[in-house]
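**Student:** I'd like to ask you about the structure that follows.
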Amino acid sequence: MTSDDQTRRRTLFWLAATAIVLLLGIGMRFPWPADEPRFAQVAREMVESGQWLFPTRGGEPYPDKPPVFMWLVALAFVLTGKIKAAFLLPSALAAFGTVLLVHDIGRRLWSREVALAAVLVLVLTPQFLLQGKTGQIDALVCFWITLGCYGLLRHFFTGPHWGWYFTAWAAMALGIMTKGVGFLPLLMLIPLAVWVKNPADADEGRALWRWKLAAGLPVMLAVIALWLGPMLWQVHSIGTDTMVAYRNDLLFRQTGERFVNAWHHVKPWHYFFTQAIPTVWFPLVVLLLVFFKPLVTLLREDRRARVLLTWVGLVLLFFSLSSGKREVYMLPALPMLALVVGALWVRVKDSVAARRTGGFFLGLLVVLALVIAGLGVVLRTSPEKLLRKAPDYAELIATLSTPLMAMGLALLVVTLLVRRRDLLERLAAATLTVWVFVALMVWPRVDPHRTPQELMEQVEHQVPVSSELGLVYFKEQFLLFSHRPLTHFSYLAQVEEQERNAWVWMHEAPNRFLLVPTDAELDCFDVSRTVSLGEAHRREWVLFGAESMRATCAPPKTLRRYVYRPDPRGVLP
């Protein structure tokens, strides 16, 4: 068997293993806060209402994100019939699609060996599988951006390929329709212009840089117009304040204003470089530092690596300019960085430094396995030593003894079995092993502590079937688990305004109740005359009835209420 055949077989194995791990656990847990319940609920309402153009949350327009990710979750819901299975599918498939794109472009630009190394780098980097196994929007954005980069690289390095060039622009459009930053592949045109030129003897048909490139922008705008055109036309036709506010919030406040003047996740300018990268991209940082000199040589000799690493730097710089920063913002840069690290590793893997680095990580994995297993043993034999240090999570931690012991033992066995294999394969094997146990053993035990299922069952026992229930200062997961219609008073409104609208609503009819957390400061209700329903998400929730209402309450600035009537087929569980 030739070396190329061996690489092909190893690649198929790792691709299959990655796909299996990405799909493991789907359908075994409910959506968890903060973001998963929101996207799952919006998608469910699309299917229930038939309104796919204007996403809603509890019947109220949801302007925070464009609709493509919710469309895909809704489509998965239609196909599976279970939101519990549907909400994780788009991220898992997008993550695997990103792996395939990275492998294919790595094979075309370098070799099968580099392509495999790049895939392993993606798999072993904690952030990648974490996002691929959550019901958040970022894995899909990463896929569209990677597809955009793929199309540009196919054109400029293996082309001209005008079909792939225009595909890149279409992918950027879909990325923008998923999350506004989908245009990031455009930044790659800067290093491409510096280091990729038209061949000296190229005729007009073989030239990479032509005026035809400008046609990419109309392609992107045409794809965006398929969604934006009907949406703007309906806003203009209906013309309600709600629709106009949705348009303005989505197109302006949640994009440009949020970038320039962020109101959440405010971090210093160096956050990505000093805090995020060393943690969620570990151990890539170690590899790049250990092999810094070979990296410099690679960049000096290989324009492909220069283009990709420059683009990664531009992406990080772009996000650093905004005051609002989260680790997930970096994710779209990871696939191109993985290609650079893959090309670097193929150069250095047989060096003395590589063997020493492999020994260091072998020891680190053994220690990690022993620590995980040791935690499980302590929880089994002397649980009070750990539980008293985290009293809020005592009930949850007490259930993790067996999963931790099994995970630690399996990690130790796998680490020893693959100790003679390539370092990247060892790290990837360890990562996949941990995720198998997380998905099959840890998730099911954590799930009851991350949802309001028990609380909503208490609501059903306390509130008569004929009565109505309202929500103040709530989260989307309460909509997901409700078996009855719910009234709320604008998720986006201040708590004071929600309370005043709730008082008006309860004053209009008897047999109405209000579900509120105790940390909401209320003036229109007597908080001493409530019924406690227990805790959910580390907050105590109480039920207000008519006897809790004060005689008067200041009127709301705007009368506002939304009623959500769940379809019984979509209610969790």
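**Student:** Going by amide H atoms built from the backbone, whose H comes under 5 Å of the H on LEU53, apart from near neighbours?
**Tutor:** none
**Student:** Also, I was wondering about something else. Between HIS449 and ILE190, how high is the FRET efficiency from 1/(1 + (r/R0)^6) when r is the Cβ-Cβ distance and R₀ = 60 Å? Nearest 0.05. Walk me through the numbers on the way to the answer.
**Tutor:** Values: r = 47 Å, r/R0 = 0.78.
The value I calculate is 0.80.
**Student:** Which of the lysines could a cross-linker span from LYS179 if the Cα-Cα distance has to be under 26 Å and same-chain partners fewer than 8 positions apart are dropped?
**Tutor:** LYS65, LYS82, LYS84, LYS133, LYS267, LYS325, LYS475
**Student:** Run the helix sum for the chain: -39,500 (n - 2.57) per DSSP H stretch of 4+ residues, divided by residue count, reported at 222 nm to the nearest 500 deg cm²/dmol.
**Tutor:** Working: 26 runs with 326 residues, N = 573.
Rounded to the nearest 500, the figure is -18000 deg cm²/dmol.
**Student:** Moving on. Around ASP4, under 12 Å between beta carbons, what's the net of Lys plus Arg minus Asp minus Glu among the other residues?
**Tutor:** On the way: positive: ARG8, ARG9, ARG10, ARG107, ARG112; negative: ASP5, GLU113.
Around ASP4, the charge tally is +3.
**Student:** By the gyration tensor of its Cα atoms, with a ≥ b ≥ c the square roots of the eigenvalues, what is the shape of the stretch 1-113: rounded for a/c under 1.5, prolate for a/b over b/c, or oblate? Don't jump to the answer; show the numbers that get you there.
**Tutor:** On the way: a/c = 3.57, a/b = 2.43, b/c = 1.47.
Note, shape of the stretch 1-113 comes out prolate.
**Student:** Taking the alpha-carbon centroid of each part, what is the distance from the stretch 113-149 to the stretch 277-325 in angstrom?
**Tutor:** Each part's Cα centre sits 16 Å from the other's.
**Student:** Also, quick follow-up: Return the distance in nm (one decimal) between the two label points of a simple spin-label model at HIS265 and THR402, each offset 7 Å from Cα along Cα→Cβ.
**Tutor:** Simple spin-label model gives 3.7 nm for this pair.
**Student:** Determine the percent antiparallel among the DSSP beta bridges restricted to the chain, to the nearest 5. Walk me through the intermediate numbers first.
**Tutor:** Values: 17 of 24 bridges.
If we restrict to bridges inside the chain, about 70 percent are antiparallel.
**Student:** Once the other residues with Cβ under 12 Å from the Cβ of LEU424 are scored (Lys, Arg +1; Asp, Glu -1), what is the net sum? Don't skip to the end; give the middle numbers.
**Tutor:** Details: positive: ARG10, LYS349, ARG421, ARG426; negative: GLU113, ASP422, GLU425.
Every neighbour counted, the sum reads +1.
**Student:** In the full protein assembly as shown, how much of LYS82 is accessible to a 1.4 Å probe, in Å² to the nearest 10?
**Tutor:** Surface open to solvent at LYS82 totals about 130 Å².
**Student:** At R0 = 60 Å, how high is the FRET efficiency between PHE292 and SER528 if r is their beta carbon distance? Nearest 0.05 is fine. Intermediate values should be presented prior to the final figure.
**Tutor:** Numbers: r = 65 Å, r/R0 = 1.08.
Taking R0 as 60 Å, the efficiency between PHE292 and SER528 is 0.40.
**Student:** Could you quote the convex hull projected area for the stretch 1-54, Cα atoms only and averaged over all directions, in nm²?
**Tutor:** On the way: hull surface 25.9 nm².
Seen from a random direction, the Cα hull of the stretch 1-54 projects 6.5 nm² on average.
**Student:** Separate question: Bin width 5 Å, origin at 0, all Cα-Cα pairs of the stretch 78-127: what percent of pairs per bin?
**Tutor:** Per 5 Å bin, starting at zero, the Cα-Cα P(r) for the stretch 78-127 comes out as 5, 20, 21, 17, 12, 10, 8, 6, 1 percent.
**Student:** So, one more: If you stretched the chain out fully between GLU497 and VAL377, how much longer would it get, using 0.36 nm times the residue separation minus the C-alpha to C-alpha distance?
**Tutor:** That pair, GLU497 and VAL377, stretches by 38.1 nm at full extension.
**Student:** I would also like to ask the following. Which of rounded, prolate, oblate describes the stretch 502-573, given a ≥ b ≥ c as roots of the alpha-carbon gyration tensor eigenvalues and a/c under 1.5 marking rounded, otherwise prolate only if a/b is larger than b/c? Present the calculation step by step, with values, prior to reporting the outcome.
**Tutor:** Details: a/c = 1.88, a/b = 1.23, b/c = 1.53.
Judged from the Cα gyration tensor, the stretch 502-573 comes out oblate (a/c at least 1.5, b/c at or above a/b).
**Student:** Also, I was wondering about something else. So which DSSP H runs in the chain come out at 27 Å plus along the axis (Cα) with average Kyte-Doolittle of at least 1.6?
**Tutor:** Working: long enough: 3-23 (30 Å, 0.20); 89-109 (30 Å, 0.98); 138-158 (28 Å, 1.12); 216-238 (33 Å, 1.51); 352-381 (43 Å, 1.74).
Both cut-offs are met by 352-381.
**Student:** Tabulate in residue order the Karplus-calculated ³J(HN,Hα) for the stretch 468-473, using 6.51 cos²θ - 1.76 cosθ + 1.60 with θ = phi - 60°, rounded to whole Hz; enter x for Gly and Pro.
**Tutor:** Ordered by residue, 3J(HN,Hα) equals 9, 10, x, 10, 10, 6 Hz.
**Student:** Based on the mean of other beta carbon atoms within 10 Å per residue, what is the order of 62-71, 301-310, 330-339, 238-247, most packed first?
**Tutor:** Working: 62-71: 21.9, 301-310: 19.9, 330-339: 26.4, 238-247: 13.7.
So the order, starting with the most tightly packed, is 330-339, 62-71, 301-310, 238-247.
**Student:** Could you give the length gained on full extension between PHE183 and ASP5, defined as 0.36 nm per residue of separation minus the Cα-Cα distance, in nm?
**Tutor:** Values: separation 178, 0.36 × 178 = 64.08 nm, distance 3.78 nm.
So the chain would gain 60.3 nm between PHE183 and ASP5.
**Student:** How many angstrom lie between the C-alpha centres of the stretch 469-521 and the stretch 45-64?
**Tutor:** Value for the Cα centre distance between the two parts: 19 Å.
**Student:** Search the structure for amide H atoms under 5 Å from the amide H of ALA536, placed 1.01 Å from N in the peptide plane, and list their residues when 5 or more places away or on another chain.
**Tutor:** For ALA536, the qualifying residues are TRP541.
**Student:** Right, here's the next one. Can you give the relative contact order of the stretch 4-130 as a percent, counting alpha carbon pairs under 8 Å and 6+ residues apart? Can you show the working numbers first?
**Tutor:** Details: 123 pairs, mean separation 32.0, N = 127.
Averaging sequence separation for qualifying contacts and normalising by length gives 25 percent for the stretch 4-130.
**Student:** OK, next. Using a ≥ b ≥ c from the Cα gyration tensor of the chain (square roots of the eigenvalues), is it rounded, prolate or oblate, where a/c under 1.5 gives rounded and otherwise the larger of a/b and b/c decides, a/b for prolate? Mind dumping the intermediate values first?
**Tutor:** Details: a/c = 2.39, a/b = 1.40, b/c = 1.70.
It is oblate, given that a/c is not under 1.5 and a/b is not larger than b/c.
**Student:** Between ILE20 and VAL413, what length comes free when the chain is fully extended (0.36 nm per residue of separation minus the Cα-Cα distance, one decimal in nm)? Don't skip to the answer; put the middle values down first.
**Tutor:** Details: separation 393, 0.36 × 393 = 141.48 nm, distance 2.00 nm.
Extra length from ILE20 to VAL413 when fully extended: 139.5 nm.
**Student:** What trypsin sites (Lys or Arg not before Pro) in the stretch 497-573 are in a loop by DSSP, with at most 14 other Cβ atoms within 10 Å of the Cβ?
**Tutor:** Details: sites: ARG500, ARG512, ARG529, ARG538, ARG539, ARG550, LYS557, ARG560, ARG561, ARG569; in loops: ARG529, ARG538, ARG550, LYS557, ARG560, ARG561.
Passing sites in the stretch 497-573 are ARG529, ARG538, ARG550, LYS557.
The values are calculated or read from the model by the stated rules, or taken from the named source; none is laboratory data. Quick caveat, the model's predicted, so the values are computed rather than measured. Note: ideal-geometry Cβ built from the backbone for every residue, glycine included; neighbour counts use all protein chains shown. Accessible surface areas use protein heavy atoms only, side chains included; no ligands, DNA or RNA. Shrake-Rupley method; radii C 1.70, N 1.55, O 1.52, S 1.80 Å.
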